[in-house]
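**Q** Dropping the structure in here first, questions after.
The values are calculated or read from the model by the stated rules, or taken from the named source; none is laboratory data. These figures come from a predicted structure and were not determined experimentally. For neighbour counting, all protein chains shown are included, and Cβ atoms are generated from backbone atoms with ideal geometry for every residue, glycine included.
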Ligand code: 3EB
């Protein structure tokens, strides 16, 4: 877990051992650090950048740090519950909602601040992560916590007139600590949010999955100033149409989730979105694989190892997934290195 993406004027990420020195490599600046560890703590913000903790590793030794760096110096700030850093073009922001009996209201408040802050600074979010404890447990009113979260998010988006065209996202269970959310945004973002024609857009899911639909894209395509491109793939599961497939069969679910990822970043789907330079599973890195049952880790690991490139940063985490019948979900980033002779698009 030491490789880094090509050095470009876009945030790049490395998955590092948690004990490792998380200072930026020479020529890079920290934008945000996310520690996947055995507890959630308040987000701290120092001169360098916000530091976020997600309670998702079994022990400190199992943990890792997701370290986001950029090519330019960073300034940091705090707005309401949002801790943020920006290099003038790219933005990292995060908030933490402690454990509560219900989350819709607090989610609505923090999401409102995210939209206000990014909009006032001229940024547009292109990738959002959420880690939520008790994800599949009922809240104090008997509503599943994931659905409770979706309610709060939907209220903000509806009020802001955002019906679709949200970026790639992940919502996954944490082992404790309420809700941790972090996101990347870009100034005057001109990224493209991609759907997967094999899956119903999340904002069109039928009501059986919750009183308010989720709202995210299956992937987001970003072109950096130097012409290099990145595909940020959402948390992707064994879903076709809107249905969970292969109930109880973790191997088949893993294969379908990988297939869905391959399809969404493939040349056909990119062409359908007016983009060229499709990519494939062999281009993925910064892969996080979420496995509901610890006992399923070896079989999931085996299938992923056979499919993903050896050079990729890949981590496996034991975590709850948005629907109780989903056993596995994965996300990743497909960076495209500019040919050295290539000219910016
Ligand atoms: C799915 O495809 C699986 O609510 O933002 C994946 C990624 C999932 C993001 C979200 C939900 C979300 O519906 C669950």
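**Q** State whether the residues of segment 285-299 include one that is farther than 29 Å from residue 148 by Cα, part of a loop (DSSP other than H, G, I, E, B), touching a residue at least 24 places away in the same chain (Cβ under 8 Å) and within 20 Å of the chain's Cα centre (by Cα).
**A** no
**Q** Quick check: anything in segment 265-287 buried (at least 21 other Cβ atoms within 10 Å of the Cβ), closer than 29 Å to residue 107 by Cβ and within 11 Å of the ligand (Cβ to nearest atom)?
**A** no
Rundown of residues vs (1) surrounded by 17 or more Cβ atoms within 10 Å (Cβ to Cβ); (2) closer than 25 Å to residue 220 by Cα; (3) more than 16 Å from the ligand (Cβ to nearest atom), yes/no style:
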| position | (1), (2), (3) |
| --- | --- |
| 78 | no, no, yes |
| 86 | yes, yes, yes |
| 104 | yes, no, no |
| 120 | no, yes, yes |
| 141 | no, no, yes |
| 145 | yes, no, no |
| 151 | yes, yes, no |
| 156 | yes, yes, no |
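**Q** Out of all the residues in segment 196-242, which are away from the ligand (no atom under 12 Å from the Cβ), assigned to a loop (DSSP other than H, G, I, E, B) and touching a helix residue (DSSP H, G or I) at 6+ places or on another chain (Cβ under 9 Å)?
**A** Once the filter is applied, which keeps residues that are away from the ligand (no atom under 12 Å from the Cβ), assigned to a loop (DSSP other than H, G, I, E, B) and touching a helix residue (DSSP H, G or I) at 6+ places or on another chain (Cβ under 9 Å), segment 196-242 yields 197, 211.
**Q** Evaluate segment 178-194: report whether one residue or more is within 11 Å of the ligand (Cβ to nearest atom) and part of a strand (DSSP E or B). Lay out the reasoning, then the answer.
**A** Step one: list which residues in segment 178-194 are within 11 Å of the ligand (Cβ to nearest atom), which gives 181.
Those still in the list that are part of a strand (DSSP E or B) too: 181.
Scanning segment 178-194, I find at least one residue that is within 11 Å of the ligand (Cβ to nearest atom) and part of a strand (DSSP E or B), so the answer is yes.
**Q** How many of the residues making up segment 243-254 are buried (at least 17 other Cβ atoms within 10 Å of the Cβ) and either within 11 Å of the ligand (Cβ to nearest atom) or closer than 15 Å to residue 302 by Cα (or both)?
**A** Result for segment 243-254: 4.
**Q** Now for a separate question. So, in segment 315-326, of the ones that are assigned to a strand (DSSP E or B) and in contact (Cβ under 8 Å) with a residue 40 or more places away in the chain, which residue ends up nearest to the ligand (Cβ to nearest atom)? So that I can check it myself, show each step before the final result.
**A** Residues of segment 315-326 assigned to a strand (DSSP E or B): 315-318, 321.
Still in the running and in contact (Cβ under 8 Å) with a residue 40 or more places away in the chain: 315, 317-318, 321.
Values: 315: 17, 317: 14, 318: 17, 321: 7 Å.
Top of the filtered list is 321.
**Q** Condition first: touching a strand residue (DSSP E or B) at 6+ places or on another chain (Cβ under 7 Å) and either in a helix (DSSP H, G or I) or within 18 Å of residue 204 (Cα to Cα) (or both). Now tell me which residues in segment 140-175 satisfy that.
**A** As a first pass, look at segment 140-175 and keep what is touching a strand residue (DSSP E or B) at 6+ places or on another chain (Cβ under 7 Å): 144-146, 149, 165-175.
145, 146, 149, 165, 166, 167, 168, 169, 170, 171, listed by residue number.
**Q** Let me ask something additional. Checking residue 44 against (1) farther than 29 Å from residue 188 by Cβ; (2) surrounded by 19 or more Cβ atoms within 10 Å (Cβ to Cβ); (3) at pLDDT 75 or above, which single condition isn't satisfied?
**A** (2)
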